[in-house]
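Nothing in this text is a laboratory measurement; each read-out follows from the coordinates by a stated rule. Values in this document were obtained by computation on a predicted structure and should not be read as measured data. Cβ coordinates were reconstructed from backbone atoms using ideal geometry, including for glycine residues, and neighbour counts include every protein chain displayed.
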Amino acid sequence: MWFPRLASDRALRARPVDGAPFALLLTQANAERLHCLNAPAEALGLYRGMSLADARAFCPDLITAPADPPREARFLSTLRRWATRYCPWVGIEGQDALVLDVTGATHLHGGEAAILEDMRARATRAGLSLRLGLGDTRGAAWALAHHGEGAAPPGDGLATLGPLPVEALRLAPDTVTGLQRLGLRRIADLAATPRAPLARRFGPEPLRRLDQALGAQPEPVTPEPDPPHYGVRLSLPEPIGRTEDVMAGAARLLEPLCAKLLAQEAGARVLTLSLRRVDGGSQSVELRLASPMRDAARILPLFARGVEAAEAGFGIDQLRLEATQVEALQVQQLGGPVAAGAAGGPALDDLVTRIGTRIGLENVQRFLPADSHIPERAFSIAPAAFSRAATGWHAPRPRPLRLFPPEPIAATGPRPPGRFRWRAMALDTARATGPERIAPEWWLPDDNWQRGVRDYWQVETRQGRRLWLFHTPQQPGWFVQGEFA
Amino acid sequence: MSANLSQCFPLRRSRVHEVCGPGATSFAAILAARGTGPVLWVRQGWDHQALHPLGLARVFDPARLLVAQAPGQVDALAVSEEALRDGAVPLVVTEIVQPLDLRQGRRLQLAAKAGATTGLCLIPEGMGSNATETRWHAAPRLAAEGEDSTALRWEIIKNKSGTLGAWDVRWDDTAHRLHVVPPAGERPGSARAPG
């Protein structure tokens with residue numbers, strides 16, 4: 001199954017243009033080139049790889065959009081899952097084709113012709129252009145899909161493939177050019193040529209492809225593995241409503257889920273417990289864990305708070321537990337140096353998870369050092385669940401324990417004022433240490449540093465406050481930014 | 001004369017203590033430096049007086065610090081109760097802005113007892129709870145000329161199981177030690193009436 005316009009069909013499904021020429025653009029080697037075109041654009045003479053400027057000259061009303069290769073790959077893998085309705089053995093071929101091994105599966109759909117008809121009808125309904133090729137081998141099917149659609153009758157491969165051009169053998173472009181220069185334009189010509197001189201001239205590739213297309217050399221279809229699905233469900237004959245019952249149900253669901261996670265060497269990061277009520281309503285309890293986990297006994301108590309808050313109504317008759325976000329988690333030796341040496345360890349992770357269910361996991365934070373001499377930028381704040389503790393704090397000069405946005409005070413002159421008012425307190429300076437000049441990082445624009453360089457002073461007051469003041473000599477002014485002690 | 005500081009500091013475990021005054025942050029930081037293991041600092045998110053890790057680095061390693069930003073006082077108390085009861089964090093520092101009633105203070109005490117952890121509440125002055133084990137007042141002290149500027153004055157202004165006292169202390173940030181400066185003819189409680 002070849003989708004010749006997969007990318008543009010995908011884009012046009014979301015936003016149709018009603019027959020206007022349309023193209024997706026991809027930036028290659030600093031130039032915007034056409035990546036995929038729809039049928040009207042191809043009819044106007046545009047082709048893949050053409051630069052956008054040339055295309056605009058041909059066709060001024062061309063509608064364009066940027067291409068998104070990762071999304072196209074995802075779309076193709078969605079199509080791959082859809083294609084398993086025809087047979088279980090489905091692989092991905094290149095960037096825009098699927099290969100299906102329908103051996104022994106065609107009679108379920110009423111024969112080969114019927115299965116092709118069904119595929120075509122469904123693809124047309126979905127707005128995808130599709131070209132089909134059916135053959136004894138993978139190579140024959142590819143050749144037929146790309147060059148002169150059709151189905152090869154079983155057995156006699158060369159009779160059907162013979163008239164097709166040599167490009168149909170999945171060869172590199174320069175090999176194709178070389179073969180054409182020798183007058184070998186069709187597959188039948190190539191098959192009739194003596195093999196040894198051909199191999200000496202072009203290497204083993206053309207002969208291998210020819211053998212694969214004609215069935216002399218096997219080429220298996222490799223089906224993509226389905227991603228493991230971490231979800232379990234429990235349907236109840238009678239609705240339940242008590243918290244303990246729901247927790248017992250969740251415990252029953254957690255065991256197979258954790259066994260599956262263990263088999264895949266994965267750990268759940270986000271778990272969702274969906275409770276379906278008798279009246280059709282549904283609510284979900286989401287649990288975000290501070291570290292990947294697959295230990296049922298540890299996860300279950302963490303659900304308690306969410307389950308208590310859930311509304312049972314007339315009763316719950318189905319529970320569904322799914323690990324919506326999964327991370328790799330190696331099997332660990334219990335009591336090993338890794339388990340014992342980690343800061344805090346599992347008990348701390350559980351605590352962070354429990355606190356996180358109350359105030360949000362991103363609100364439990366830790367400080368990480370950052371490379372900057374600006375006091376506000378010398379650290380960064382990261383959620384504790386998604387970062388590791390880092391060392392390397394370096395404070396060559398005293399820094400305040402508390403830092404706040406600069407608060408202006410009324411003072412003038414380059415020396416700290418003898419008396420000043422701050423937060424409705426009258427303070428007398430007893431001792432001032434400084435200045436320490438800190439220049440702004442001019443390569444990073446920062447609104448807070450608009451006033452230029454700052455001269456920082458440690459000011460001890462007679463009233464007992466120990467403050468961090470700064471003076472901005474370029475635009476005179478005094479500010480309080482922090483407090484020691 | 002004051003009692004020996006080592007009888008009261010580091011603070012008794014399995015209890016919740018309070019500290020007020022302008023030096024409360026450094027009191028909490030020095031207490032964290034005396035212990036080991038992670039420290040949970042429960043703050044209220046709207047408070048813009050953020051902790052500065054480079055300042056804390058002179059007292060203890062900020063890698064040990066976890067900060068919980070609670071949206072309000074009720075959540076802050078719930079978080080610190082949870083952490084005290086759990087026992088995974090030996091020291092929980094909570095910033096309080098409204099006075100605790102007897103029930104809230106008692107709940108924190110019971111949680112600390114269950115988890116064998118130490119709790120410390122940073123309170124505004126005069127907003128102490130009756131359930132607290134000890135209440136301290138910490139303030140920077142203006143040291144004589146030539147001394148370094150880390151001198152602090154710590155006073156116990158409430159103690160359920162001991163005597164009151166006042167000490168002049170100094171944090172040595174190269175040796176990471178707390179020095180008690182001998183009192184210069186000062187009697188405990190002469191600077192402020194014990195509360």
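Things to note:
- Excluding same-chain neighbours fewer than eight residues apart, no lysines are reachable from A:K260 by a Cα-Cα span under 20 Å.
- Counted without the sites themselves, the longest stretch of chain B free of trypsin sites (Lys or Arg not before Pro) in a DSSP loop having at most 15 other beta carbon atoms within 10 Å is B:14-159.
- Percent breakdown of C-alpha pair distances by 10 Å bin, ordered from the shortest bin, for segment B:55-123: 20, 52, 25, 3
- Per DSSP, loop chymotrypsin sites (Phe, Trp or Tyr not before Pro) in segment A:341-442 with at most 10 further Cβ within 10 Å: A:W442
- Long-range HN-HN contacts of A:A390 with modeled amide H, under 5 Å: none
- In summary, the aspartates and glutamates within cross-link reach of B:K160, defined as a Cα separation below 18 angstrom excluding same-chain residues under 8 places away, comprise B:E18, B:D101, B:E133.
- Across q = 0.06, 0.07, 0.12 Å⁻¹, the protein assembly as shown modelled as identical point scatterers on its alpha-carbon atoms has Debye log10 I(q)/I(0) values of -0.60, -0.74, -1.23, in the order of the q list.
- Neighbour-count order for B:M127, A:M293, A:M425, fewest beta carbons within 10 angstrom listed first: A:M425, B:M127, A:M293
- Chain B: antiparallel DSSP beta bridges as a percent of all, rounded to 5: 45
- Only helices enter this figure: runs of n ≥ 4 DSSP H residues, each worth -39500 (n - 2.57), summed and divided by the residues of chain A, yield -9000 deg cm²/dmol at 222 nm to the nearest 500.
- Within 10 Å of each Cβ in A:476-485, the average number of Cβ atoms from other chains: 4
- GluC sites (Glu not before Pro) restricted to DSSP loop in segment A:410-485 with at most 14 other C-beta within 10 Å: A:E441
- Between 0 and 90°, nearest 10: helix B:24-34 axis offset from chain B longest Cα axis: 90
- Look at the stretch A:396-407: the mean tally of other chain Cβ atoms within 10 Å of its residues' Cβ atoms is 5.
- Listed by Cβ neighbour count within 10 Å, with the fewest neighbours leading, A:S274, A:S372, B:S129, B:S80 appear as A:S372, A:S274, B:S129, B:S80.
- Residue exposure proxy: B:D173, A:D317, ordered by other Cβ atoms within 10 angstrom of their Cβ from fewest to most, comes out as B:D173, A:D317.
- Long-range amide H partners of A:T64 with built H, under 5 Å: A:A23
- Entry note, chain B: relative contact order of 26 percent, from Cα contacts under 8 Å with a spacing of 6+ residues.
- What the phi angles of segment A:215-231 give under the Karplus curve with 6.51, -1.76 and 1.60, with θ = phi - 60°, is a coupling list of x, 6, 10, x, 9, x, 8, 9, x, 6, x, 6, x, x, 9, 9, x Hz, glycine and proline written as x.
- Normalised by the number of residues in chain A, the average gap of Cα pairs under 8 Å and 6 or more apart makes the relative contact order 8 percent.
- Against chain B, whose longest principal axis comes from its Cα atoms, helix B:102-115 is set at around 90 degrees.
- Average projected area [Cα convex hull, segment A:402-484], square nanometres: 5.2
- In percent, rounded to a whole number, the relative contact order of segment A:84-214 is 17, using alpha-carbon pairs under 8 Å and six or more apart.
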